[in-house]
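Q: Structure in structure tokens, see below.
The values are calculated or read from the model by the stated rules, or taken from the named source; none is laboratory data. Since this is a predicted model, take the numbers as computed values, not measurements. Heads up, the Cβs are rebuilt from the backbone with ideal geometry, glycines too, and the neighbour counts pull from every protein chain shown.
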Amino acid sequence: MTLSFSLPYRTTFGQRLVVCGSLPALGLWNLAHSLPLHYDEATTYWSAEVAVPATTTEVAYKYVLLFEGGGVVWEWGTNRALPLPAAPPYQQLEVRDFWRAPAQADNELFTAAFTKALFRRPPFQPGIGSATPIKKAAGKAKKAVAAPATVRFQLEAPRVDPHHQVCVLGSDPALGSWDNTRPLLLSDSNFPAWQAELALQNPEAELRYKYGFWSPERHAVVQLETGDDRVLPAGTAQPGTLTVLADEGFRYHAGPWRGAGVAMPVFSLRSEKGLGVGEFSDLKLLIDWAEKTGLNLVQILPINDTTATHTWVDSYPYAAISVFALHPQYLHLEGIADLKDKAARTELTRLREELNAKDFVDYEAVMNGKWKLLRLLYQQEKKKFLVDPEFHTFKAEQASWLIPYAAFSALRERFGTADFHQWPREFRAPVGLAELTNEAGADFDEFGLHFFTQFHLDKQLRAAVNYGRARGVVLKGDLPIGIYRHSVDAWTQPELFHMDQQAGAPPDDFSTTGQNWRFPTYNWERMAQDNYQWWRERLGHLARYFDALRIDHILGFFRIWEMPENSVEGLLGHFAPALPLHRDEIERRLGWFDYGRLCEPYIRWHLLERVFGADAQAVFDEFLVADSYGALQLRPHVANQRQIEEYIENNISTHPSGRSSCCACGRACISL
């Protein structure tokens, strides 16, 4: 079979088009060996032909725009898939494509938020979603006959009412002769792509046609696309040829799609069935409300596990100990199983009444109660859980993050801290984790509890996601730009981060001393070495739950305010990357350069009196020394902001009354 490609495209000087794909003639996805297309000035079409082996069932390919200077632009979208017909015996397959341009307004309609939720197709019903079949002559064929002039209509159209179907109406009798009750119905089996084939009755004539929306209820075309008729020139479709019309998108009457949504943290979705905090199962209640009020999207805050200290500090949702693991606070206990122990059931009822009666989320009480009951549930369900095929599938698929997370969480409990630098030396690096967390180990329950918890969290969240998709409601997640310093990710892959730096924000009206988020910054050069595998895995995992994402501080992908690890405030930072100023450039601009004045703390007695007043002498005696020129220098044990902060905290514990000069003036000393 001969396969021919063609598409209209106006290039400029130095540009050319090629086809790259799965066939040897298309380069086997090696751009250097792709198929060159040839330009016809008269038709403005680029085209080429290749021979296809008889055993080929499908061809995958993409068009690529090449520039004389070496630039490369792949067309937008997923790889094109061209199923090849097994019968009847076509000698020629002619594909008439259009270039899929990037950055088009309708491209967003092909994302999961639209295809899986907002425009989700209903389950298959007889007569809906399948093409009008091609009629075949009855009886057995005695010999092979040439295939008729057949056309395959292909259109990518995600924005279709669930009760409607894409169809083709046109001038050929096989397309209804413009009778809106007799169109060709296209199949949505590969939604958002629609497709159907038919043999033209008058292939020698010019074919004019349009796509439209078919209503099975009214048994008629209820809307045709806007614009001029689409045209297939007379004689293009030939006997023995399958002509594939991979048309440009549906031309909608309506303007750009618009929708509205609501933003709500999961922990705020408190219900009577919860345990003092919103849970993943409560998302279904919000989805029901969104559906009734005509909202299309539910946005939530980050939901990753932040358990580091077992205090209220862990309630901050942007300091996750894993960018993959989910927070145990969102687990609905009865969604796992009913507690069999009568005393445990009584305890659960008491805790629910007590925690739900509060007008706030008592984070520590909630987590203490959930962990206690979770341990009981784990022991109760352990035997069944460990032989559950669904769990073993989950563990195998998620092993790259799940095993390190379970190990980290268990070791955090064993050693009383998430700071792995304080763990015994043999655990400071993630070595032998599969063996450490093995089911046969004597300490397995330490790790098994976290396997159990994450398995059920994943199950309950995906149930809520699918519940929303079925009702046309999108769940939108939140991706924090940073990672927590004492996290699984920093423990297992420290080379991906600048652990000696911190991210934050520069001084502004919101914070005159800047912001220090205390997260390490990214080592982008190292990440690039494996094509950003960590980010690919992170985003892929989020796509398991969310069809849309908010990226917190998205500018962090381009530049970040970075400060040394010993900084407490954001004043001593700089943008990274940034173009630095050489001291010679500063000298040329200012007329002078003094390293001590510009690059070291500038402290003089008059400044000390201005800031500390009557306490100036006490601050000097505790924190400073003077040189022979009257310049004041910080003592070595308080030479940076982090040392001063630690000194203050230690003195507060030593002098709980807060009467020392350190406690009274230390914070000002940090700023000074």
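Q: Contact list please: Cβ distance under 8 Å, first residue in segment 563-574 and touching a residue at least 60 places away in the same chain (Cβ under 8 Å), second residue among the basic types (Lys, Arg), pairs at least six apart or on different chains.
A: Glu565/Arg642; Asn566/Arg642; Ser567/Arg642; Val568/Arg642
Q: Does segment 263-285 include one or more residues that are closer than 30 Å to Gln104 by Cα and either in contact with a strand residue (DSSP E or B) (Cβ under 8 Å, 6 or more places away or on another chain) or surrounded by fewer than 22 Cβ atoms within 10 Å (Cβ to Cβ) (or both)?
A: Keep residues of segment 263-285 that are closer than 30 Å to Gln104 by Cα, which gives 263.
Still in the running and either in contact with a strand residue (DSSP E or B) (Cβ under 8 Å, 6 or more places away or on another chain) or surrounded by fewer than 22 Cβ atoms within 10 Å (Cβ to Cβ) (or both): 263.
Yes, some residue in segment 263-285 is closer than 30 Å to Gln104 by Cα and either in contact with a strand residue (DSSP E or B) (Cβ under 8 Å, 6 or more places away or on another chain) or surrounded by fewer than 22 Cβ atoms within 10 Å (Cβ to Cβ) (or both).
Q: Follow-up. Please indicate, with yes or no, whether at least one residue in segment 403-419 is basic (Lys, Arg), more than 24 Å from the chain's Cα centre (by Cα) and crowded, with 17+ Cβ neighbours inside 10 Å.
A: The initial filter retains those residues of segment 403-419 that are basic (Lys, Arg), namely 412, 414.
If we keep only those that are more than 24 Å from the chain's Cα centre (by Cα) too, we end up with 412, 414.
After this cut, where a residue has to be crowded, with 17+ Cβ neighbours inside 10 Å as well, the list is 412.
Yes, there is a match, as at least one residue in segment 403-419 is basic (Lys, Arg), more than 24 Å from the chain's Cα centre (by Cα) and crowded, with 17+ Cβ neighbours inside 10 Å.
Q: How about segment 583-627: which of its residues are within 19 Å of Leu572 (Cα to Cα), touching a strand residue (DSSP E or B) at 6+ places or on another chain (Cβ under 9 Å) and of a type in the set (A, V, I, L, M, F, W, C)?
A: Ile603
Q: Just checking, which of Val64, Val73 is within 33 Å of the chain's Cα centre (by Cα), closer than 26 Å to Gln104 by Cβ and surrounded by fewer than 16 Cβ atoms within 10 Å (Cβ to Cβ)?
A: Details: Val64 fails: surrounded by fewer than 16 Cβ atoms within 10 Å (Cβ to Cβ).
Answer to the check: Val73.
Yes/no matrix, rows are residues, columns are (1) of a type in the set (A, V, I, L, M); (2) touching an Asp or Glu at 6+ places or on another chain (Cβ under 8 Å):
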residue: Ala429; (1), (2): yes, no
residue: Asp445; (1), (2): no, no
residue: His486; (1), (2): no, yes
residue: Trp491; (1), (2): no, no
residue: Gln502; (1), (2): no, yes
residue: Thr512; (1), (2): no, no
residue: Arg526; (1), (2): no, yes
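Q: Which residues, counting only those in segment 423-443, are of a type in the set (A, V, I, L, M, F, W, C) and within 21 Å of Ser400 (Cα to Cα)?
A: If we filter segment 423-443 for residues that are of a type in the set (A, V, I, L, M, F, W, C), which is where we start, we get 423, 427, 429, 431, 433-434, 436, 440, 442.
If the condition is that a residue be of a type in the set (A, V, I, L, M, F, W, C) and within 21 Å of Ser400 (Cα to Cα), then Phe427, Ala429, Val431, Leu433, Ala434, Leu436, Ala440 are the ones that fit.
Q: Ok, one more. Looking at segment 614-645 only, could you name the residues that are acidic (Asp, Glu) and either crowded, with 18+ Cβ neighbours inside 10 Å or touching a helix residue (DSSP H, G or I) at 6+ places or on another chain (Cβ under 9 Å) (or both)? It would help to see each step written out before you state the result.
A: In the first step, residues of segment 614-645 are kept if they are acidic (Asp, Glu); the result is 615, 621-622, 627, 645.
Of everything in segment 614-645, those that are acidic (Asp, Glu) and either crowded, with 18+ Cβ neighbours inside 10 Å or touching a helix residue (DSSP H, G or I) at 6+ places or on another chain (Cβ under 9 Å) (or both) turn out to be Asp615, Asp621, Glu622, Glu645.
Q: I'd like to check something: does segment 536-543 contain any residue that is surrounded by 13 or more Cβ atoms within 10 Å (Cβ to Cβ), modelled with pLDDT under 95 and not aromatic (Phe, Trp, Tyr)?
A: There is no residue in segment 536-543 that is surrounded by 13 or more Cβ atoms within 10 Å (Cβ to Cβ), modelled with pLDDT under 95 and not aromatic (Phe, Trp, Tyr).
Q: State which residue pairs qualify: first residue closer than 16 Å to Thr437 by Cα and inside segment 385-403, second residue hydroxyl-bearing (Ser, Thr, Tyr) and surrounded by 12 or more Cβ atoms within 10 Å (Cβ to Cβ) in any location, beta carbons under 8 Å apart, and separation of 6 or more residues or different chains.
A: Phe385/Tyr378; Trp401/Ser322; Ile403/Thr437
Q: Mind checking which residues of segment 346-356 are surrounded by fewer than 19 Cβ atoms within 10 Å (Cβ to Cβ) and under 36 Å from the mean Cα position of the chain (by Cα)? Walk me through it before giving the result.
A: Filtering segment 346-356 for residues surrounded by fewer than 19 Cβ atoms within 10 Å (Cβ to Cβ) gives 346-347, 349-350, 352-354, 356.
Of everything in segment 346-356, those that are surrounded by fewer than 19 Cβ atoms within 10 Å (Cβ to Cβ) and under 36 Å from the mean Cα position of the chain (by Cα) turn out to be Arg352, Asn356.
Q: Within segment 308-345, track down each residue that is polar (S, T, N, Q) and surrounded by fewer than 22 Cβ atoms within 10 Å (Cβ to Cβ). Let's see the steps before the verdict.
A: Start the filter on segment 308-345 by keeping residues that are polar (S, T, N, Q), which leaves 309, 311, 315, 322, 329.
Of everything in segment 308-345, those that are polar (S, T, N, Q) and surrounded by fewer than 22 Cβ atoms within 10 Å (Cβ to Cβ) turn out to be Thr309, Thr311, Ser315.
Q: For residues that are without any contact (Cβ under 8 Å) to a residue 40 or more places away in the chain and surrounded by fewer than 16 Cβ atoms within 10 Å (Cβ to Cβ), scanning just segment 14-38, find the one that is nearest to Thr236 (Cα to Cα).
A: His38
Q: Return the total of residues in segment 161-191 being over 19 Å from Asp229 (Cα atoms) and buried (at least 20 other Cβ atoms within 10 Å of the Cβ). Working first, answer last.
A: Within segment 161-191, the first condition is being over 19 Å from Asp229 (Cα atoms), and the residues that meet it are 161-165, 187-191.
Subset that is buried (at least 20 other Cβ atoms within 10 Å of the Cβ): 165, 188.
Residues that pass the stated criteria total 2.
Q: Mind checking whether some residue in segment 441-454 is surrounded by 22 or more Cβ atoms within 10 Å (Cβ to Cβ) and over 17 Å from Val387 (Cα atoms)? Show your work before the answer.
A: Start the filter on segment 441-454 by keeping residues that are surrounded by 22 or more Cβ atoms within 10 Å (Cβ to Cβ), which leaves 447, 449-454.
Retained after the next criterion (residues that are over 17 Å from Val387 (Cα atoms)): none.
No, segment 441-454 has no match at all.
Q: Looking only at residues in segment 469-511 that are in contact with a Lys or Arg (Cβ under 9 Å, 6 or more places away or on another chain) and small (Gly, Ala, Ser), which one is surrounded by the fewest Cβ atoms within 10 Å (Cβ to Cβ)?
A: Among those that are in contact with a Lys or Arg (Cβ under 9 Å, 6 or more places away or on another chain) and small (Gly, Ala, Ser), it is Ala470.
Q: Same structure again: For segment 207-238, what are the residues that are of a type in the set (Gly, Ala, Ser), in contact with a strand residue (DSSP E or B) (Cβ under 6 Å, 6 or more places away or on another chain) and under 16 Å from Ala174 (Cα atoms)? Write out each step before concluding.
A: Just the residues of segment 207-238 that are of a type in the set (Gly, Ala, Ser), to begin with: 212, 215, 220, 227, 234-235, 237.
Okay, now just the ones that are also in contact with a strand residue (DSSP E or B) (Cβ under 6 Å, 6 or more places away or on another chain), so 212, 215, 237.
Scanning segment 207-238 gives Gly212, Ala237.
Q: I would also like to ask the following. Which is in a strand (DSSP E or B) and closer than 29 Å to Arg159 by Cα, of Ala81, Ala103? If you could, list the steps in order and put the result at the bottom.
A: Working: Ala103 fails: in a strand (DSSP E or B).
Going through Ala81, Ala103 in turn, just one is in a strand (DSSP E or B) and closer than 29 Å to Arg159 by Cα: Ala81.
Q: Name the pairs whose Cβ atoms lie under 8 Å apart, with the first residue in segment 618-631 and under 20 Å from Tyr647 (Cα atoms) and free of Cβ contacts under 8 Å to residues at least 24 places away in the same chain, the second among the aliphatic types (A, V, I, L, M) and in a helix (DSSP H, G or I), and 6 or more positions between them or separate chains?
A: Phe620/Leu608; Leu624/Leu608
Q: Checking Ala234 against (1) under 27 Å from Tyr467 (Cβ atoms); (2) modelled with pLDDT under 95, only one condition comes out false. Which one?
A: Looking at each condition in turn, Ala234 falls short on (1).
Q: Answer with yes or no whether Leu355 is within 25 Å of Arg462 (Cα to Cα) and either modelled with pLDDT of 95 or more or of a type in the set (D, E, K, R) (or both). Let's see the steps before the verdict.
A: On the way: within 25 Å of Arg462 (Cα to Cα): no; either modelled with pLDDT of 95 or more or of a type in the set (D, E, K, R) (or both): yes.
In short, no.
Q: Out of all the residues in segment 572-583, is one or more over 28 Å from Asp509 (Cβ atoms) and either surrounded by 11 or more Cβ atoms within 10 Å (Cβ to Cβ) or not assigned by TED's automatic domain parsing to the domain that holds Tyr647 (or both)?
A: Residues of segment 572-583 that are over 28 Å from Asp509 (Cβ atoms), as a first pass: 582-583.
Subset that is either surrounded by 11 or more Cβ atoms within 10 Å (Cβ to Cβ) or not assigned by TED's automatic domain parsing to the domain that holds Tyr647 (or both): 582-583.
Yes, segment 572-583 contains a residue that is over 28 Å from Asp509 (Cβ atoms) and either surrounded by 11 or more Cβ atoms within 10 Å (Cβ to Cβ) or not assigned by TED's automatic domain parsing to the domain that holds Tyr647 (or both).
Q: Would you mind listing the helices (runs of 4 or more DSSP H) fully within segment 351-467 where at least 1 residues are closer than 29 Å to Gly276 by Cα and of a type in the set (Lys, Arg)? Steps first, please.
A: Working: elements: 363-386, 389-415, 433-436.
It comes to 363-386, 389-415.
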